[in-house]
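Worksheet: one structure, shown below.
The values are calculated or read from the model by the stated rules, or taken from the named source; none is laboratory data. Everything quoted here is computed from the prediction, not taken from an experiment. Virtual Cβ from ideal backbone geometry, glycine too; neighbours counted across all protein chains shown. Please note that ligands, DNA and RNA were not included when accessible areas were found on the heavy atoms of the full protein model with its side chains. Shrake-Rupley method; radii C 1.70, N 1.55, O 1.52, S 1.80 Å.
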Amino acid sequence: MASTDIYHTLTQIIIPRPVAWVLSPNDETGSSHNLAPFSFFNVVCSDPPVLMLSIGVKSDGTMKDSCRNLLERKRCVIHIGSDDQAQAISDTSRELAFGESELEMIGNGLVPFEGTDMHRLQDVPIALACRLYQHIEVGNKPQHLLLVEVEQFWIDDAVCYVDSKGRSRVDADKLRPLARLGGSEYARLGEVFRIERR
């Protein structure tokens, strides 16, 4: 199979995938930001808390802006958006010239991320302030595997609660996270059910 066919097949069978909505500074001052979604994304470790972003290249073969920013400035904020933000998340996947911000395109403002020197999107329920932990090149193009360590969590009170054991819990039904499927398809959560461990 051609590599493009393999890509399309994998994205249709490895489903659903969580979507990382990644905000990264375009410069040292943080006056300009890049915002882009990535669905080759997941958690890989809890001690320390490390997440994985796998970022390809632009259509012209150059490095994507999010990857460039992370490698140069070593930081980003990963957001977990709700399903009602699907259009904005999709819109920010467009290829723009470096330094041109997707924030203006979707009209979402930034607020200071308390406890950090970064900003987060103001209307997104979860934000994770991250620092680059490790960079690995994988494959023939190559694909950039970026491991990032979470330094600060921000969770909107509207999507979380404290359970009977005193632990903070995120309510998936209230979060309504967007999931990525193949092609132009996305998904919402369906029925949430529990299976108690034996």
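Worth pointing out:
- Given in Å, the Rg to one decimal and the Dmax to the nearest whole number for the Cα atoms of region 49-91 are 12.6, 34.
- When the charge dipole of the chain is built from unit charges on Cβ atoms (+1 for Lys and Arg, -1 for Asp and Glu) and taken about the Cα centre, the candidate among Thr4, Leu103, Gly30 whose Cα reaches farthest toward its positive end is Thr4.
- Equivalent ellipsoid of region 112-198: semi-axes from √(5λ) of the C-alpha gyration tensor, largest first, are 27, 22, 16 Å.
- Normalised by 2.2 N^0.38 Å, where N is the number of residues, the alpha-carbon radius of gyration of region 46-155 equals 1.09.
- Accessible area per residue for region 1-110, computed on protein heavy atoms with a 1.4 Å probe, is 48 Å².
- Taking N as its residue count, the alpha carbon Rg of the chain over 2.2 N^0.38 Å: 1.03
- Taking the chain as a Gaussian network of alpha-carbon nodes connected by springs under 10 Å, the highest mean-square fluctuation of the residues Ile126, Ile106, Ile55 belongs to Ile106.
- Neighbourhood charge, 12 Å Cβ-Cβ cut-off, centred on Ala158 and excluding it, Lys, Arg +1 and Asp, Glu -1: -3
- Calculated FRET value between Arg176 and Asp123, using beta carbons and R₀ = 22 Å, to 0.05: 0.95
- Basic side chains Lys and Arg get +1 at the Cβ, acidic Asp and Glu get -1 at the Cβ, and with that the dipole of the chain about its Cα centre reaches some 700 debye.
- Size of region 78-127 as Cα extents on the principal axes (Å, biggest first): 31, 27, 16
- Where Rh is the Kirkwood radius over Cα pairs, Rg/Rh for region 104-163: 1.10
- Relative contact order computed over the chain (Cα-Cα under 8 Å; 6+ residues apart), in percent: 24
- The accessible surface of the chain, taken with every protein chain in place and a 1.4 Å probe, is 50 percent carbon and sulfur.
- Based on alpha carbons, the Rg and Dmax found for region 1-104 are 14.4, 45 Å.
- For region 96-198, a crude dipole built from +1 on the beta carbon of Lys and Arg and -1 on the beta carbon of Asp and Glu, taken about the Cα centre, is about 640 debye to the nearest 20.
- Farthest toward positive dipole pole in region 133-198 [+1 Lys/Arg, -1 Asp/Glu at C-beta], among Ile136, Tyr161, Val148: Tyr161
- Reported to the nearest whole Å, the Cα centre-to-centre distance from region 90-119 to region 1-75 is 15.
- Net charge of Cβ neighbours under 15 Å - reference Gly99; Lys, Arg +1; Asp, Glu -1: -3
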